[in-house]
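The values are calculated or read from the model by the stated rules, or taken from the named source; none is laboratory data. All of these numbers come straight from a predicted model, not from anything done at the bench. Glycine also receives a Cβ, built like all others from the backbone with ideal geometry; neighbour counts cover every protein chain displayed.
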Amino acid sequence: MNPYLDTHPEVAEAIRSGRSVVALERTIISHGMPYPQNVETALRVERVIRNNGAVPATIAVIGGRLKAGLTPEEIEYFGKKGRAIAKASRRDLAMLCARGEDGATTVTTTMIIAHMAGIRIFATGGIGGVHRGAQTTMDISADLEELAHTPVMVICAGAKSILDLGLTLEYLETHGVPVLGYQTKELPAFYTRHSGFGVDYQVNSPQELAQALKTQQDLGFPGGMLVTNPIPEEYSMPKDVIDAAIDQAIRECEEQGIHGKDTTPFLLARVAELTGGDSLASNIQLVLNNAKLAAQTAAAYCLL
Ligand code: PSU
Ligand code: MN
């Protein structure tokens, strides 16, 4: 067992007894929404996981400890601190542990901690990818590299077109990460169901997803799988509204000279501000939708 890992007793017991567990990303609480809505949403996502037969393991770094599963008090603590808690990617984990600090995990670090704890399936909102203009900035999210190396299935709503979606797919192909579309052949773009890009395979049931994961593991492949689950039709946003907000946010990002680890949080916050409450409501709905599919897939995995 990793000396820096604290697995919540309920999560540890579920893993020991072969019950289904779903990991959740802390950024959903810290960086996506204001308090107290972030805490309410985090607890609601955990309830959806439970209602679909799995145990939730929300992941974070608290006081230099890698947490797989949080208590309601810890979720409250994180929600209150909000953006004051630093975004923690792979390169940050050793320093946070060494200094005993807090960190809000990204997709990358959630995958790392989930894998340490023995959790195979993880539900989130959107993943990082190849940024527009990466030809010169070399800004490519560590999420893609982690998907290539760490055997966790990530269930998301696709990627936002703050990224270059075409290059993101190319990168995943080069690194051998299968991109699966849940009941769709088209890569969803988070707020909208459409991107114009195709996925590698359409998969139609949680059972099929569970079988795909099991097979990849039986083959001894080291990496993960990316499942893209389109936002439910009734919550999807008009593509032109989102595209206009994203274009403006990217312009402002360039004008203000924002770069490095601050780029993604800046773009996400700006798009949310520009589109107001609509995008927040959509965001919550797609996370709930992904949590449900992840729990159903985890339950199906346990039966294999
Ligand atoms: N994209 C989204 N929502 C998110 C993120 C990206 O649509 O919440 C967050 C995730 O935590 C993701 C991280 O892992 O940003 C990627 O950051 P970067 O591009 O700096 O690697
Ligand atoms: Mn980056």
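The set of residues in region 95-146 that are near ligand 2 (Cβ under 10 Å from one of its atoms), among the acidic types (Asp, Glu) and farther than 26 Å from Tyr235 by Cβ contains only Asp139. With respect to being in contact (Cβ under 8 Å) with a residue 60 or more places away in the chain and more than 25 Å from Ser282 (Cβ to Cβ), Gly100 falls outside the description.
Against the list (1) modelled with pLDDT under 95; (2) polar (S, T, N, Q); (3) under 18 Å from the mean Cα position of the chain (by Cα), the condition Gln37 fails is (3).
Just one of the listed residues (Ala12, Ala42) is at pLDDT 90 or above, more than 16 Å from ligand 2 (Cβ to nearest atom) and under 19 Å from the mean Cα position of the chain (by Cα), and it is Ala42. Of the strands (runs of 3 or more DSSP E) lying entirely inside region 75-182, those carrying at least 3 residues that are surrounded by fewer than 24 Cβ atoms within 10 Å (Cβ to Cβ) are 179-182.
Collect the residues in region 150-172 that are within 24 Å of Gln183 (Cβ to Cβ), more than 12 Å from ligand 1 (Cβ to nearest atom) and among the β-branched types (Val, Ile, Thr), keeping them in residue-number order. Result: Val152, Ile155. Scanning region 183-203 for residues that are closer than 19 Å to Ala148 by Cβ and in a strand (DSSP E or B) returns a single hit, Tyr201. Within region 83-92, the residues that satisfy the criterion of being away from ligand 2 (no atom under 16 Å from the Cβ) and of a type outside the set (Lys, Arg) are Ala84, Ile85.
Of the listed requirements (1) within 16 Å of ligand 1 (Cβ to nearest atom); (2) closer than 18 Å to Met111 by Cβ, Leu70 misses just one: (1).
Residues in region 1-39 that are over 23 Å from Ser89 (Cβ atoms) and surrounded by fewer than 14 Cβ atoms within 10 Å (Cβ to Cβ) were compared, and the one that is nearest to ligand 1 (Cβ to nearest atom) is Pro34. Scanning region 237-284 for residues that are of a type in the set (Gly, Ala, Ser), within 16 Å of ligand 2 (Cβ to nearest atom) and over 23 Å from the mean Cα position of the chain (by Cα) gives a single hit, Gly257. Once region 241-259 is narrowed to residues that are within 17 Å of Val130 (Cβ to Cβ) and of a type in the set (Val, Ile, Thr), the residue that is surrounded by the fewest Cβ atoms within 10 Å (Cβ to Cβ) is Ile250.
Among the residues of region 221-234, which ones are modelled with pLDDT of 95 or more and either over 18 Å from Ile155 (Cβ atoms) or aromatic (Phe, Trp, Tyr) (or both)? Glu233, Glu234, listed by residue number.
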